[in-house]
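In what follows, a structure is listed as structure tokens, so that the remarks can point back to it.
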Amino acid sequence: MASKNLRRVGLPVELCSRLAKQHVVTCQEFLTLSSLDLLRMTGRSYEDFPQLMMTISKHCCPKTTTALENKKQHKQQSAFLPTSLASLDNALCGGLACGSVTEVSGPPGCGKTQLCMMLSVLATLPKRMGGLDSPVIYIDTEGAFSSLRLIEIAQRRYSEYFACQKRLLEMTSRVHLYREFSTQHIMDRLQVLEESLVETGAQFVVLDSVASAVRQEFDSRLPFSLVQRSKFLGQQAAFLKYLAEEFCIPILLTNQITVKFNDRPTSTLETTEEPSVEESFVTTALGTTWGHSANTRLVLQFLNTQQRQIRVAKSPVAPNMDFSYTVQSSGDDDDNSGE
Amino acid sequence: MPRQVGSLPLPPHQRARLQAAGFETTDELQGIGPCQLAEELAIPREEAMGILRMARGQEGPVNYPNALQLLVEEQAEDGLLPTFSSALDDLLGSGVELAVITELCGAPGVGKTQLCLQLAVDIQIPGCFGGLGGQAAYLDTEGSFMPERLQQMSEAVITHCSRLASTKQERDQQDALKTFTPDFILGNVFYFRCFDVTQLIAQSHLLPDFVDSHPKVRLVIIDSVASPFRHGVDDAALRTRLLISLAQRLAQLASTRRLAVVLTNQMTTRIHPNSTQSASLTPALGESWGHAATHRVILQWQGNRRFANLIKSPTRGEATVEFTVTSEGIRDVPTTPSLPATMPAIPTASMFLSSPTIPTSLPSTSTSSNLILKSPSALPSLHMTSASMPPSTSASPAVLGCTAAMLADAASSCINAMTAFRMATGEKMTTSSGSSPS
């Protein structure tokens, strides 16, 4: 809507060509200029100018709705993708929210990819079983996706449903996998994602993981690199949020963790749950700015060799709580031995 | 239409001096200030001013608005916008202030959107309960708006108001409650989802007309101002210019139509290459944006507790209070917190122990919310202050969720001035509030 051509707004042709000579072609370019520049460029009088501004603003502004209509709309579509971990679903008021971006982060080996694969299987299930009955788009940047593991999860968890071979194959054919290993490829993939969503009819997108390509390519200690990195992440977040809301689907991202020291610049260690240095603490990677980008944040961590924990770090609907779970051959399971 | 100077109804000596100085028509008196005219005609400045006014055709001296009129206007407001946490209300001075911009900054997950949702409900509290009975316009740029959560908060506020109505048994309160339902509350929150900078700017141009056509709108929330500007505008100079013009439009809107404008900002990490601290958290959008808001509050974590730190306000002193977010919305913590003496004014990265960090013990946030539900003393109660208030302040508007101590020390000076003025107009006032007799 921002890149809407001024001609399509219904402005007189001579005004449009006059503005085009000054390189003002879209609504966005019009609205980012100051009033003085615009007065000079359009040649309008000071009294007429507000009317012009209003006309263009009306063509760019979002739709006016109320919260009530929003709620009714939410109710009509399936508003959540249940994760099948009952306590987590309870806390999140249903599961992964449709129309918003959920981020899962945690140390390596904690089960992020397992969670992604399990949710991919869930999304392909019919609605009566709690799924979305739709294809899944899975963007893998680490090379951790394995079709065999996907089949194993499906068979062990929903053994009666996937008892016949045909259903298994159908499920795997509905998970569309894209392997992108550089930030440029990821950005290209996101730009065509809107079309892919329309053509495949997918209702669930997984990006595993956001951090790996970015951290390889951008060195966060160099200031210029940091700016580039923030820009890339910002664009990525904006795309994903737009897609989530436009199609009203849940989008799942995974992130890594990093260790921050108090008086030294950040360094990334791959193997730490209990930081040995006293003043250091573990936090999600990609910085504070990225932290604002996801709507819901879940953090995974190890409790002991068997149990792991999910913590709801940021959510518009849920309080900050912890849950235990285990990773088994059937995917992630609730830990019934206590939270 | 220029008149002959001789035809103006002036005293003869002034007319004579004007003509002696060479002024023939009133056109020639344009563009001359009273000081210069006074010097040329050798008359006092006030007389010169009188001549100029007559030449322009103005009747008498212009009415200069003074602080007393402003005070009257403010006190005439018969309602407040509370946050339902008396600590936060106290911090901001009887709730969120109208006609100014309040900015909330904070790390992700600390509760900015929750506070915005709470305010969108609180603005609708009917006048008989001490609220403003207005509507809210919510401009969402991040997509964190959840109508289900708004419904939860509305139900809690309705329960609170019903409890009050049942104790007081007032007719108008009972009537108000009949229409005060969750659907009604949700229907009064106008929602605009702005995906990028252009939509946000466009909507800000259209807000004045929108507010004029919906005169009950008393609150405009933008959640958040930071995200579209940080990701959508690369050029820093352009970003600053757009932000400042947005801030001016909002300030004008707030002031002329007496709305409360609440903006949300993000935090960013500032690296200090040369000092002992390696990095600290600071509000995003730069230094010049810091001047845009009238009140600035930073919400921060400390461990698992949430604190609100007022860092900029022309009327309230800098302070930090604790609050919590429960299933009902924003509330006080059940016990009075003892603030750590070493809390620095600027949050450092080490203080930003937001929930993504991994504590060794499991936090018990769920139990604290149970405490709040069970203990009635923590519920903000309307009229609880009326018994303990001195009689001279009984004319003050009903205060929702504010403690007697807050009223006594912060607002009573204003209210005393008001009641004194109402009781004895024209008498000289001896208060230390912002009013000055004209």
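Overall, the range B:1-150 carries a charge dipole of about 580 debye about its Cα centre when +1 sits on the Cβ of Lys and Arg and -1 on the Cβ of Asp and Glu, all other atoms neutral. Residues considered: A:E103, A:E199, A:E245. Largest GNM mean-square fluctuation over chain A, using C-alpha springs under 10 Å, is found at A:E199. Computed over the range A:1-146, the P(r) curve from all C-alpha pair distances, binned at 5 Å from the origin, holds 2, 7, 13, 14, 9, 7, 7, 8, 10, 9, 8, 5, 1, 0 percent per bin. The mean of 1/r over all distinct Cα pairs in the range A:69-188, once inverted, gives the Kirkwood hydrodynamic radius of 15.7 Å. Take every pair of alpha-carbon atoms less than 8 Å apart whose residues are at least six positions apart; their mean separation over the length of the range A:183-258 yields a relative contact order of 48 percent.
Amide H to amide H, with H built 1.01 Å from N, B:S224 comes under 5 Å of B:T141, B:E142, counting only residues 5 or more places away or on other chains.
The distance separating the Cα centre of the range A:23-59 from that of the range A:114-169 comes to 52 Å. Here is the tail figure for chain A: Cα pairs spaced more than 31 Å apart come to 43 percent of all pairs. Projected over every direction and averaged, the convex hull enclosing the alpha-carbon atoms of the range A:125-229 yields 7.9 nm². The Cα-based radius of gyration and maximum Cα-Cα distance (Dmax) for the range B:191-340 are 17.5, 55 Å. Over 22 Å between Cα atoms: which of A:K63/B:K112; A:K72/A:K314; A:K75/A:K127; A:K112/A:K231; A:K75/B:K112 fall into that group? A:K63/B:K112; A:K72/A:K314; A:K112/A:K231; A:K75/B:K112, as the Cα separations exceed 22 Å there.
Counting every other Cβ atom within 10 Å of each residue's Cβ, B:R17, A:R40, A:R308 order from fewest to most as A:R40, B:R17, A:R308.
All of the numbers you see were taken from the coordinates with simple rules; none came from a lab. Quick caveat, the model's predicted, so the values are computed rather than measured. Glycine gets a Cβ as well: all are built from the backbone with ideal geometry, and neighbour counts include every protein chain shown.
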